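For reference, the structure is listed below as structure tokens.
We did not get these values from a lab; they are worked out from the coordinates using the rules stated. Predicted model only: the values in this text are computed from it and were never measured. Quick reminder, even Gly has a Cβ in these numbers, built from the backbone with ideal geometry, and neighbours come from all protein chains shown.
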């Protein structure tokens, strides 16, 4: 039992260290040595537990997506509020947008993680169902509405560097959040 | 004269090869050897002309931004049309969104290229002036409107991989473009 608990703790430390390392340096730039040192773990344990660097990246990115889906479930009856919550999550987890961009740039196109893919499909289905039921306006196709909503909610966490200032006050963040919510209202009102 | 023309031709071949290399592998992942081979140039010439890998990246990214600003100037009297043209440019130059993402991830925060920074400041000023003159609705703050417009126009070139399908038909592209134009209309109508 003690050994098992130790193994779980080691695994958790590896995942935490790997998340920081991959967010900062991406997949090609990440160093398994640094992850091992950061996790106070043996480098071999990383290969034994996860298989390799790519698999370790997929594991921590899947965990980040799972956390997002759990913390911010889609609410098709309140898409503006959902966009606002996504904005909050992105503000609180700046590593997520970095991981998502590294994933898009460095993993083979077409290779989507199960967690991300099923999450996206479920969201599109939920939007389509609400549009079909008439509780949500059919202003945009479900996948297009989702793509825009995600882009708008992430505009400041993944956007143009010149627009993502270094010194952001609480007031600026609140104003951006209000703009995101307002924009999704505008795009979904019949 | 012939030597000068040769030097210009070599420089142009280096820039073209570097653009492909950086778009594919990013800054850390790019190999100067491969760029030299692709440009049929001597590796030393790259260091002599550009200084180093980071400077070479900045040179090709500046050139890509300059090309964008020249091809698609902002039109504050027709922001929906401007967003549609940005969408077209992103479709025709898939390397641009990759370069922009690598830049955001790999170059130091706060370090913005002159071309990108002055382009962004000019756009914000143009939007603010149009809002002040009353020809553009004050629905959003100028920088927020620009951030959303860029995010929406780039939603499919830089967006969630699951929503950026591999087999995109001409009809799908046309429908996405129409959605982008429609969305910016909705966000700018008083």
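Remarks
- Relative to the longest principal axis of the Cα atoms of chain B, the long axis of helix B:170-188 makes an angle of roughly 60 degrees.
- Degrees separating the helix A:79-92 axis from the principal Cα axis of chain A, which is the longest one: 30 degrees
- The alpha carbon convex hull volume per residue for segment B:1-90 rounds to 116 Å³.
- Average partner coverage of A:175-181, which counts Cβ from other chains inside 10 Å: 3
- Take every pair of alpha-carbon atoms less than 8 Å apart whose residues are at least six positions apart; their mean separation over the length of segment A:1-61 yields a relative contact order of 37 percent.
- Counting all C-alpha pairs of the protein assembly as shown, share separated by more than 29 Å (%): 47 percent
- Average 1/r across all pairs of distinct alpha carbons in segment B:70-183, invert it, and you get the Kirkwood radius: 15.2 Å.
- Helical contribution to [θ] at 222 nm, DSSP H n ≥ 4, -39,500 (n - 2.57), averaged over the protein assembly as shown, rounded to 500: -24500 deg cm²/dmol
- Residues of segment A:171-190 with amide N under 16 Å of a point placed 7 Å along Cα→Cβ from residue A:138: A:188-190
- Compactness check for chain B: Cα Rg over 2.2 N^0.38 Å is 1.17.
- Average beta carbon contacts from partner chains per residue of A:138-149, 10 Å cutoff: 5
- Cα-based helix-to-principal-axis angle, B:142-153 vs chain B, degrees rounded to 10: 70 degrees
- Across peptide B:28-38, the average count of Cβ atoms from other chains found within 10 Å of a residue's Cβ is 1.
- Distances between copies at residue B:175, taken between label points 7 Å from Cα along the C-beta direction, are 3.8 nm in increasing order.
- Taking the C-alpha atoms of segment A:54-109, convex hull volume expressed per residue in Å³: 85 Å³
- Burial order of peptide ranges A:147-158, B:87-98 (average beta-carbon count within 10 Å, highest first): A:147-158, B:87-98
- Placing dummy labels 7 Å off each Cα toward the beta-carbon, the span from residue A:170 to residue A:13 is 3.6 nm.
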